[in-house]
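Data first, discussion second: the structure below is written as C-alpha cells.
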Amino acid sequence: MKITFMGAARTVSGSCYILECGNTRFAVDCGLHQGNKEIEKRNWNLENYDGKNLDFILITHAHIDHTGLLPALVSKGFKNPIYCTAPTRDLLEIMLLDSAHIQEMEAEWTNRKRLRTGGQPVRPLYAIPDAEKTIPLFATVKYSETFEPAPGIKVTYMNAGHILGSAFIEIEYEQDGKKTKAVFSGDLGRPEQLIVEDPSDVDCADYLFLESTYGNRNHKDEEGSLEELGEAIAYSYKHGEKVVIPAFAVERSQQIIYSLFLLRKQGKLPDDMPVYLDSPLAIRATEIFRKHPEFFDNETQELIKNGENPLDLPNLKFTESREQSQAINETRGPAVVISASGMANAGRIKHHLRHNLWRSGASVVFVGWQGVGTPGRKIVGGAKKIRIFGEEVAINAKVFTINGFSGHAGQDELMNWLGTMQGKPMKVILVHGEAEVQKEFGALITEKFGFEVHIPEYMEEIELEPGREFQPVVDMAVARPRVDWSFLLADSEKLYEELRERVKGVEDRPWVDQAELRDKLLDINRHIVELVSEM
C-alpha cells in the first residue's frame, strides 16, 4: 500500500491522500488548497492527481478543504464512485455549486483586469457544469457498516463528531496473506459539541493518519464560550449597536444559532434583538441540518421531541437576497449578524465589517480559526485598522475571540481519543496542521504513548508494508526535488509581514516585555543565519 500526500501536509488545507493497493488506486478526500497565492497554485497541478485513473474516492466530510477539488478532477475525466454519508452528500450538493460559482466569479474578475492591461484571459479552476456532473457520482454509506469498494479493500466509516455526517475512515487491505489497517481521522470533533454526537472510539490501526490543527492547545469549554458570547451581546445591546459574527456556513453558523437559543433560554438574548443569518449557503445548510435530525446528538433530539428546535428562534431572520443583506446595515439599533466567510476574506461579512468595525459600541466575535494573512487574522492580532474594498477602516469595535466553538478537537481531546485505541499503532502520521504545531504535538504523543510519529511533506510518498512493518519515504531522490521552496519562502515572507505589523504595537509596552520579545526575535535570526550557512 503506497500513499502520496497531495495536501494537508504541514498545512491545514488541501486534504487529499492517494493510495495504491495492488492494481487499485483511490483517494481519501480531495480538498481545495487555501491560503496564500503560492499554496493556492497547487490547485492547478491536477496532473499530479491523475483523476481519470482513480477507481474511487472516500470523503470524510463536506468542508471545502476536503472536497473542493472534486469538480476539477471530474473536469479531467474522473467518473467513478465518491463515497460519503447522506448528510455529506446533501451538503456537497450546495457547497460544490457555491464553490464553482466562486471560481467563475474570481476568473471573471481577474479577466476584467487582465484584458484592460492587454493580458490573456484565464479560465476558472472549474465551472458550475463540472460541479453538476460531480453530484450524481456520490454513493452514500452508513456508519459502522463495512463495505468493499474494490476487491481486497474493506472500508468502514465511523462517526468523527466534527460536523453533521463527518467520519473517520478505517481501511483494511490484504496482501500476501497479511492485513494492513490504516485509519484516516479526517477532522476530529470534540466531546459534548453542540448538535453532533461525540466521536466514536478508534479501535486499532497499523497506521493512524491524525489531524493536528489544535495539537498544541486546548479550547474553552462550552459554558465559558456561551458566557463570552453573552458578554458581546450585552455590550452591543447596551450601546445600541450590532454584534457581527464571521462564521463558516456549515456547522459553525448552526452552532451559533444553537448557542443563541441557549442564551435566550437563560434570558441573555433580548427578544427585541433580531438575529440575521446573512449567508445564502448557511441558510441552505441549516435547512439540510433540519432534514437529518437522526444525526443529531441525544440532547438535541430530546429538545426537538419536546417541541423546542434549537435551530430556530422567534427573532431569527434569513436574508437570502442582496437587497435584504444591504438593508441590515441601513437599519439602526442592536442586532446579531451571522455571515460568511469565517475568516472575513470573502462574502457578505466584508460589508458588515466595513459598516461596523469603526463603531465603538459594536462587537465583532470570531468563533473559528483564522488563517495567516486573512483579514480575520489581522483583526484578532490587534490591528488598529484594516483595508476593506480598498478603504481603510478603523477598528474601534470590541473584538472577541472565542475558540470554544471550534469543531476540531484540542490537544487533550486528541490525546484522549488516541488513548482509546485497543492496539498500539505502528506509526502515527500527523496531517492537517501547521508544522510547528505538529512538532510539538508529535513529541507529546511519543512521550506519552511511545508511538513513532512522522510528519510528511507535500507530495511525499510512503510505502505502508503488509502487517506492522514500516517503510520510510520511498523514491527519496524523486521526492526531494518536490520540496515546495517557493511556498515555504512565500509563507516566511507572510509571517515577517505580520511580524512587522505587530511590532508597531509593541513599542508602547514595558521595557521588560520588549526585551523578552527582542531576544526571541534575535534567536530566530540566529537560526536563519545557521540555515543560510548550511545551504
For segment 118-194: span of alpha carbons on each principal axis (Å, largest first): 61, 42, 24
DSSP-defined antiparallel bridges as percent of all bridges, the chain, nearest 5: 50
Per-residue Cβ neighbour rank within 10 angstrom, fewest leading, F184, F56: F56, F184
Separation of alpha-carbon centers, segment 1-36 and segment 491-527, rounded to whole Å: 35
Cβ-placed point charges (K, R +1; D, E -1), dipole of segment 486-534 about Cα centre in debye, nearest 20: 100
³J(HN,Hα) computed for each position of segment 262-275 - Karplus, 6.51 cos²θ - 1.76 cosθ + 1.60, integer Hz, glycine/proline x: 5, 5, 5, 5, 8, x, 9, 10, x, 5, 8, 10, x, 10
Ratio Rg/Rh, restricted to segment 486-534 and using Cα atoms, in which Rh is the Kirkwood radius: 1.06
Whole-number percent relative contact order across the chain, with pairs defined as alpha carbons under 8 Å at least 6 apart: 17
Sequence of T11, T24 once ranked by neighbouring C-beta atoms within 10 Å, starting from the fewest: T24, T11
Estimated inter-spin distance, I283 and K178, nm [label 7 Å along Cα→Cβ]: 5.7
Proximal lysine pairs, segment 222-405, alpha carbons under 20 Å, eight or more residues apart or interchain: 23
Local net charge near N80, Cβ-Cβ under 12 Å (Lys/Arg +1, Asp/Glu -1): +2
Cα-based convex hull, the chain, per residue volume (Å³, whole number): 171
Candidate lysines for bridging to K52, where Cα separation is under 17 Å - those fewer than 8 sequence places away on the same chain excluded: K76, K79, K133
Cut-off 14 Å between beta-carbons: net charge of the residues surrounding L97, Lys and Arg +1, Asp and Glu -1: -3
Relative contact order, percent, segment 222-405 [alpha-carbon distance under 8 Å, six or more residues apart]: 33
Amide proton proximity set for V196, modelled H, under 5 Å, gap of 5+: D297
Neighbour-count order for T446, T117, T88, T4, fewest beta carbons within 10 angstrom listed first: T117, T446, T4, T88
Segment 308-375 versus segment 131-169: alpha-carbon centroid distance in Å: 34
Virtual spin-label span in nm between T117 and N218, 7 Å along Cα→Cβ: 5.0
Qualifying trypsin sites (Lys or Arg not before Pro) for segment 306-378 [loop in DSSP, other Cβ within 10 Å: at most 10]: R332
FRET efficiency for C204 and L488, using Cβ-Cβ distance with R0 set to 56 Å, rounded to 0.05: 0.95
Relative contact order (%) - criterion: Cα under 8 Å, at least six apart; region: segment 1-121: 19
Förster radius 35 Å - calculated FRET efficiency between Q266 and Q422 (Cβ-Cβ, nearest 0.05): 0.30
Where only C-alpha atoms are counted, convex hull volume of segment 343-427 per residue in Å³: 122
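Readers should treat all values here as calculations from the given coordinates under stated rules, not as data from a laboratory. All values reported here derive from a predicted model rather than from experimental measurement. Methodologically, a virtual Cβ is constructed for each residue, glycine included, from the backbone with ideal geometry; neighbour enumeration extends over all protein chains shown.
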